[in-house]
Amino acid sequence: MPGTTKTSAAVSFISIHGLGVACGLAAGVWLGAAEAPTKLVDIGLSPFAISLCMVAGVFTGRWTIPTLLKGTRYVFADLREYSHLIVMAILAGMLWAVANTLTVFAIRDVGLTIAFPLWNTNSLVGILWGRLLFGELKNASGKNIAKVVLGTVAIIAAAIMLGFSTIQGSGAHAAHALNGILAAAGASLLWGTMYIPYRKAYVSGMNPLSFVTIFTVGELVTVFALVLAFDGGLHAAVFHSPAMRHLLFWLFLGGFVWVIGDLFQQFATKYLGIGRAIPLSNTNQIWGLAWGALVFGELAHTDAFRRLLVVTGTIVMIAGALAVSTAVADAREQDSMNQALLRECGRYNLEFARPVHLYGGSVSEARDERRHWWDYAILAAAAGVFVYLGLNARVPALAMSVLWLWILAAILVASAAACAWGLWKATRFS
């Protein structure tokens, strides 16, 4: 019956929306944890060195996880079908690499707690691009527009409160404050714009796992070029300093953690759109603060006012995330997004039905997902890199709470397991 089909489609869309929300929130958990290694900037490492080492870890993760979940044959078949998007993926990786390097400069000059909320304004940039290019929030109800926009503003406001809660004294970064603010603002603009290639790929039907495999090529090439151009070239300390050998494991680990968070963010972008996915993943501010306060003791000596800011900021951020997550796109907004999809299909001579099918989380893909010997070789090589670096690692000279470290690590594992199970059950990571 027509009515039954329509109702079934609506139920399916709502369930996919819920999956996207879960992925966006899980992304926040993992992306917040990934910021912990950037504290190494406080012990004298170059921002370029930190960015290069983290991206090397990202590169390792971005080739390992898609191989584990889908196999290289699947990934390369997907890339062949959507070869016109390879350049877009590389471009997105280049934007990310420059933005990530800017964040390290921002952390150095104004501190993580000030820089974090400044670059998280990328959610407003994302809403703008989503509306202009992909029909997001176009013809949406006033209620949904209010939920997304006001929820996003609430998350940014909460991030500012959480940032101010950890300011200590007059600030050792004051002399370089303007440079730090400009760096964070530049990262915000680049990260908000970076989602255009993401969304362009997913409305065409490309799998996020395939996209990130090429995305990382742009990342690694760009940060390597930045080191060569601005950090001493082949004589840069990152290539020769004996101290780097003992820190590489932690920076690689931070990059690997970031990859998992970014993969959840990619799926959230696919199923929710830019305007909804970015604000939800930007709840990483809560988790970044949790790592700073609970593991590294950054709030141990704060006064009652700053503690009040932490509580208030957390509540406001949760309220903002709740508002965004409940803004399910109605029929009129879905029609506007379908028009954007139709435009992409016409531009690249794609069959309209297949991207629509995949965009809704379909699991029916006739692609070879068998693992071959080279897949296992890739996995073994990645594991070997981490084992080697781990054997040569030293625990950084930072005061840490081991108890809270294990508690937050358990939350990381639980959130990843829950979302991975949901993605596998509903979409087979499609």
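The values are calculated or read from the model by the stated rules, or taken from the named source; none is laboratory data. Fair warning: this is a prediction, and the values are worked out from it, not measured in the lab. Cβ: placed from backbone, ideal geometry, glycine included. Neighbour counts: every protein chain shown.
Remarks
- None of SER170, SER204 is at pLDDT below 85, surrounded by fewer than 24 Cβ atoms within 10 Å (Cβ to Cβ) and closer than 28 Å to ILE274 by Cα except SER204.
- The residues on offer are LEU124, LEU132, LEU128, LEU190, and the sole one that is at pLDDT 80 or above, part of a helix (DSSP H, G or I) and more than 17 Å from ARG276 (Cβ to Cβ) is LEU190.
- Residue match in segment 330-347 (condition: touching a helix residue (DSSP H, G or I) at 6+ places or on another chain (Cβ under 9 Å), of a type in the set (Asp, Glu) and either assigned to a helix (DSSP H, G or I) or closer than 24 Å to VAL212 by Cα (or both)): yes
- Candidates ALA293, ALA229: the one that is more than 21 Å from MET54 (Cβ to Cβ), outside any loop (DSSP other than H, G, I, E, B) and small (Gly, Ala, Ser) is ALA293.
- In the condition set (1) surrounded by fewer than 21 Cβ atoms within 10 Å (Cβ to Cβ); (2) under 14 Å from the mean Cα position of the chain (by Cα), PRO279 is compliant with all but (1).
- Residue match in segment 137-159 (condition: crowded, with 20+ Cβ neighbours inside 10 Å, of a type in the set (Ser, Thr, Tyr), over 16 Å from PRO208 (Cβ atoms) and modelled with pLDDT of 85 or more): yes
- Leading residue by the ranking (modelled with the lowest pLDDT) among those in segment 329-362 that are under 21 Å from THR427 (Cα atoms) and surrounded by 20 or more Cβ atoms within 10 Å (Cβ to Cβ): GLY361
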